[in-house]
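Structure record follows, encoded as structure tokens.
The values are calculated or read from the model by the stated rules, or taken from the named source; none is laboratory data. In this text the structure is predicted, and so the values were computed from the model without any measurement. FYI the Cβ positions are ideal-geometry reconstructions off the backbone, even for glycines, and counts take in every protein chain you see.
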Amino acid sequence: MTDFIGYILIFFAILLLRYFSTAGFFYAYYSRVKKNPSTQKILSQRPPKKEQVKKEIYWSIISSAIFAFFGALTYWLWLNNYTAIYVNPAEFGYWYLPLSLLIVLLVHETYYYWLHRAMHYPKIYKIVHKVHHQSLSTTPWTAFSFHPWESVLEALIVPVILLIIPINIYVLLFYLIFMTFSSVVNHLDIEIYPVWFRKSTFGKLWIDATHHHYHHKEFNTNYGLYFTFWDKLMGTESRKMEEKS
């Protein structure tokens, strides 16, 4: 039990470092760009609410503690050979490394899309998801600003995936770093991807800050996490995205 608490504290420290370094870096960029409100990169002209950033950091620290618990649990499961995580990149072939990343992303995307839609049902929304949507104009600090129940629901999928899908430990580390980067960028409220990429075939399938901006603005559109395909298939993508194409 003492070892497990130690794991939680270590993961908590790592997650806080990851959150503050990533969000802090992008917030410096955010603050600089926002000084020129006429730039076309800015998605919302509405300034953040008073004390919004402090509240976002408060909820994000709680979220990090919850994510740390699940990280420690996954680590314990790995130490006891209960997960499908493997160390040698050649064990399943090098061709499987990018494929496994794609599989994990698609599974996570599917889970998140339907979870996200469920969290928008009024009774569930008030308890679970309302905290996140208090940030009408998002900032990089919004990325992990969740109610504890939402943090638990979002964290659950990762250990489940790692129990079932073989994934190399280096691919897993890349995936975890990418997850943070993606969440912060999508809440940046400034579009950083170039126009040529956003208009490309892959770019139209990729969620960016513009896509997620309309979720916070319209509330009942653009539920995806990494990809737009579920929104397109289920008719929940904002019509504004067609205008941007």
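Within the stretch 202-240, the set of residues being over 27 Å from ILE57 (Cα atoms), in contact with a Leu (Cβ under 9 Å, 6 or more places away or on another chain) and in a helix (DSSP H, G or I) comprises PHE229, LYS232.
Can you tell me which residues in the stretch 173-201 are assigned to a loop (DSSP other than H, G, I, E, B) and either of a type in the set (Lys, Arg) or surrounded by fewer than 18 Cβ atoms within 10 Å (Cβ to Cβ) (or both)? Answer for the stretch 173-201, where residues must be assigned to a loop (DSSP other than H, G, I, E, B) and either of a type in the set (Lys, Arg) or surrounded by fewer than 18 Cβ atoms within 10 Å (Cβ to Cβ) (or both): ILE192, TYR193, PRO194, LYS199, SER200, THR201. For first residues located in the stretch 123-152 and without any contact (Cβ under 8 Å) to a residue 12 or more places away in the chain, partners that are surrounded by fewer than 20 Cβ atoms within 10 Å (Cβ to Cβ) and aliphatic (A, V, I, L, M) and lie 6+ apart or on another chain with Cβ distances below 9 Å form the pairs ILE124/ALA118.
Total residues in the stretch 133-158 satisfying the condition of being surrounded by fewer than 17 Cβ atoms within 10 Å (Cβ to Cβ) and under 26 Å from ALA90 (Cβ atoms): the figure is 0. TYR112 falls short on exactly one of the conditions (1) buried (at least 16 other Cβ atoms within 10 Å of the Cβ); (2) touching a helix residue (DSSP H, G or I) at 6+ places or on another chain (Cβ under 7 Å), and that condition is (2). Counting the residues of the stretch 181-221 that are within 16 Å of TRP141 (Cα to Cα), modelled with pLDDT under 95 and hydroxyl-bearing (Ser, Thr, Tyr) gives 0. Exactly one residue among ILE57, ILE8, ILE14 is out of contact with any Gly (no Cβ under 9 Å at 6 or more places or on another chain), surrounded by 14 or more Cβ atoms within 10 Å (Cβ to Cβ), at pLDDT 95 or above and of a type in the set (A, V, I, L, M, F, W, C), and that residue is ILE57.
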